[in-house]
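Down below is the structure, laid out as structure tokens.
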Amino acid sequence: MTGATKNEGTFALIGVYDIINQTIGTGNHRFNSFQLIDLTNRILGITDYTGTLTGFLSKSLWNQEQISGGVFQDFVNGLVDHCGVAIIKGPVMRAAQGNSFFNSGETWLYSFDYEGEHTRFGYGEDTSAYPFEGGVTHSNDNIYLFPWPPEVAQLNEEDTEFAKKMVDLWTSFAIDGVPSAPDVPFWPPMTNVSGPYLHIDKESRVGQDFYDEYSVTAREGIPSRSNIV
């Protein structure tokens, strides 16, 4: 069983933003998507000598208005996906594909989409200086399995009910080899190179193509914690 959070890349974008802001600035500088992708690739240790990856990413993550405008803030959502796929979602997908190939019917893939009261964005550090929210950031799924940071030990009522669902999924997989929980639809194992997979959320649902998660932030934006009750 493996997966990733919806907005995986926000934790990595903190470091990317710091480096770009300290070297060339993000306020008055006019960017283009190729420049930002190249800068981010270098920071993340990705090589793209032919420019093929850069072209696909530019076309997939931004529209022409964003590209022409050159404003860093307009590139943020796409950069979240870029960072998230490069560091987490891509490797998770490759591992799931390999396991499914050699162990047919025994690989369960998920996207964790639930936005609760707490977050691990910034890991306790002040993130108010960054021009983006954390959304469903890296390791937020673990909030509902392990009580960290300390305040997570006191979940509100809705998050507590959701945590029970998470524990049921993980323990059923550990005991029976098949993840299941009340109020969660049947979670089918992977049967092809990109799915199916489960969207783990307050109302969970089955998706068919995990590659859709590679550009989810560019399509939907980052959820704002100001909207969380």
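What to note about this one:
- When the test is whether a residue is part of a helix (DSSP H, G or I), touching a strand residue (DSSP E or B) at 6+ places or on another chain (Cβ under 9 Å) and either over 26 Å from residue 212 (Cβ atoms) or not aromatic (Phe, Trp, Tyr) (or both), residue 79 does not pass it.
- The residue pairs whose first member lies in the stretch 190-204 and is modelled with pLDDT of 95 or more and assigned to a loop (DSSP other than H, G, I, E, B), whose second member is open to solvent by 10 Å² or more (accessible area, probe 1.4 Å) and among the charged types (D, E, K, R), and whose beta carbons are closer than 7 Å, counting only pairs six or more residues apart or on different chains, are 194/209; 201/113.
- Residue list for the stretch 205-227, restricted to those being assigned to a strand (DSSP E or B) and either under 11 Å from residue 135 (Cα atoms) or among the basic types (Lys, Arg) (or both): 205
- Flag if residue 119 is surrounded by 16 or more Cβ atoms within 10 Å (Cβ to Cβ), within 30 Å of residue 21 (Cβ to Cβ), at pLDDT 95 or above and not aliphatic (A, V, I, L, M): no
- Residue ID - least open to solvent (accessible area, probe 1.4 Å), chosen from residues in the stretch 49-64 that are part of a loop (DSSP other than H, G, I, E, B) and either in contact with a Gly (Cβ under 9 Å, 6 or more places away or on another chain) or under 19 Å from residue 76 (Cβ atoms) (or both): 62
- Of the residues making up the stretch 1-40, those that are open to solvent by 30 Å² or more (accessible area, probe 1.4 Å) and outside any helix (DSSP H, G or I) are 1, 2, 6, 24, 27, 28, 29, 30, 32.
- The listed residue being surrounded by fewer than 17 Cβ atoms within 10 Å (Cβ to Cβ), assigned to a helix (DSSP H, G or I) and among the hydrophobic types (A, V, I, L, M, F, W, C), out of 95, 129: 95
- Any hit, the stretch 116-129, residues being touching a residue at least 60 places away in the same chain (Cβ under 8 Å), under 24 Å from residue 188 (Cα atoms), in contact with an Asp or Glu (Cβ under 6 Å, 6 or more places away or on another chain) and of a type outside the set (Ser, Thr, Tyr): no
- Restricting attention to the stretch 180-229, the residues being among the small types (Gly, Ala, Ser), exposed (fewer than 15 other Cβ atoms within 10 Å of the Cβ) and within 19 Å of residue 166 (Cβ to Cβ) number 1.
- Inter-residue pairs, beta-carbon under 8 Å, first open to solvent by 40 Å² or more (accessible area, probe 1.4 Å) and part of a helix (DSSP H, G or I) and in the stretch 149-164, second among the aromatic types (Phe, Trp, Tyr) and modelled with pLDDT of 95 or more, 6+ apart: none
The values are calculated or read from the model by the stated rules, or taken from the named source; none is laboratory data. Just so it is clear, the structure is predicted and the values come from calculations on it, not from any experiment. Note that we place each Cβ from the backbone using ideal geometry, even for glycine, and neighbour counts take in every protein chain shown. Keep in mind that these areas ignore ligands, DNA and RNA; they rest on the heavy atoms of the full protein, side chains included. Shrake-Rupley method; radii C 1.70, N 1.55, O 1.52, S 1.80 Å.
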